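Chemist: Below: one structure in structure tokens.
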Amino acid sequence: MSAPLHGLVLAGGRSTRMGHDKAALQYAGRSQLERAFALLEPLVTRCFVSVRDDQRNDPLRARYPQVVDAAPGLEGPAAGIVSALRAHPQAAWVVVACDLPFLDAGTLQHLIARRDPTRLATAFRSSHDALPEPLCAIYEPAALAALEQFISGGRNCPRKFLIQSATLLLEQPTAEALDNVNTPAELDQARSRMSAPTVAPRALNVQYFALLREQAGRREEVVTTGAATPRELFAELASRHHFTLAPEHLKVAVNSEFTDWSRPLSAGDHVVFIPPVAGG
């Protein structure tokens, strides 16, 4: 039987690059912390906010159930994750950073639905570099001993822990969902992206080769999508067909020309995804 799922919103950072508390940054009238907690709480049995000891009485954080960092000498996300696993050792934890303004419920639901409790963790593969995303991931109870051993060796990077552990990696259903905001410039960019008009759904012709064709169960299909770029389109299709290859391992062509993954897509475009060795 799988361990129950608890939720943890990481809000214990010092926000040094931003210059002020990232958890309090507001989008559409809600703080990042409030928004992240509201997304996660309905999907788990219990939900908490991860805080440092000196933050527990902060008005923004005090309204939520808390897990206070209890890992002497350790700060950052690793301290929050370890403290949660120690506080409730029989639970698995859906860990989410508070500074993900594009995170959506569908991404969290996708993560939870594909959780593998026999692994130490289930995480997304970054849509930017294909490495594990440790701050929107599920950590199983067995991860505690492995993480403590990892930390005892002088290491504290959750991403490196996931790389070295038995982690199930999933493709992101929405490419931008885990883009975070660490600096004032990134905050301005995020707010600009949020205010930009959305792309209306339109039909695209998609063709697959080799392994992708096998996994999709078809050679080609017409897809109605709001994806703005080949990267966003591939993330959507990877979720649908359970592709195991990341964009970094593929080439993409649009209208018979190899192109960049960020090229804008238009109605009627013919998009081809090509693995390193394309057969048949």
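Each reported figure results from applying straightforward, stated rules to the coordinates on display, with no laboratory input. Bear in mind that the values here come from a model prediction, so they are computed numbers and not experimental data.
Chemist: If each Cα of the chain is one equal point scatterer, what is log10 of I(q)/I(0) from the Debye formula at q = 0.12, 0.14 Å⁻¹?
Modeler: Here log10 of I(q) over I(0) equals -0.79, -1.02.
Chemist: In 5 Å bins starting at zero, report the fraction of Cα pairs in the range 163-239 per bin as a rounded %.
Modeler: 3, 12, 16, 19, 17, 13, 10, 8, 2, 0
Chemist: Let me understand the range 237-279 better: what is its radius of gyration from the alpha carbons, and its Dmax, in angstrom?
Modeler: Rg and Dmax of the range 237-279, Cα atoms, are 10.9, 29 Å.
Chemist: Just the number, please: percent antiparallel of the DSSP beta bridges in the chain, rounded to the nearest 5.
Modeler: 50
Chemist: Let me ask something else. Compute the Rg to Rh ratio over the range 202-274 from the alpha carbon atoms, using the Kirkwood formula for Rh, and round to two decimal places.
Modeler: Reported Rg/Rh (Cα atoms, Kirkwood Rh): 0.90.
Chemist: What residue among 122, 167, 45 has the largest mean-square fluctuation in a Gaussian network model of the chain, using Cα springs under 10 Å?
Modeler: Maximum among the listed residues: 45.
Chemist: Still on this structure, please answer the following. I'd like the Karplus ³J(HN,Hα) series for the range 60-73: coefficients 6.51, -1.76, 1.60, θ = phi - 60°, whole numbers in Hz, and an x wherever there's a Gly or Pro.
Modeler: 5, 8, 5, 7, 10, x, 10, 10, 8, 3, 9, 10, x, x
Chemist: Provide the per-residue ³J(HN,Hα) series for the range 171-185, in order, calculated from phi with Karplus coefficients 6.51, -1.76, 1.60 and θ = phi - 60°, each as a whole number of Hz, with x at glycine and proline positions.
Modeler: With coefficients 6.51, -1.76 and 1.60, one gets 7, 5, x, 10, 4, 8, 4, 9, 5, 9, 10, 10, 10, x, 5 Hz.
Chemist: Next question. Along its three principal axes, how long is the range 84-239 when you only count alpha carbons? Whole Å, largest extent first please.
Modeler: 51, 42, 24
Chemist: Counting DSSP beta bridges with both partners in the range 202-274, what percentage is antiparallel, nearest 5?
Modeler: Close to 75 percent.
Chemist: Return the percentage of antiparallel bridges among DSSP beta bridges fully within the range 1-157, rounded to the nearest 5 %.
Modeler: That works out to approximately 45 percent antiparallel.
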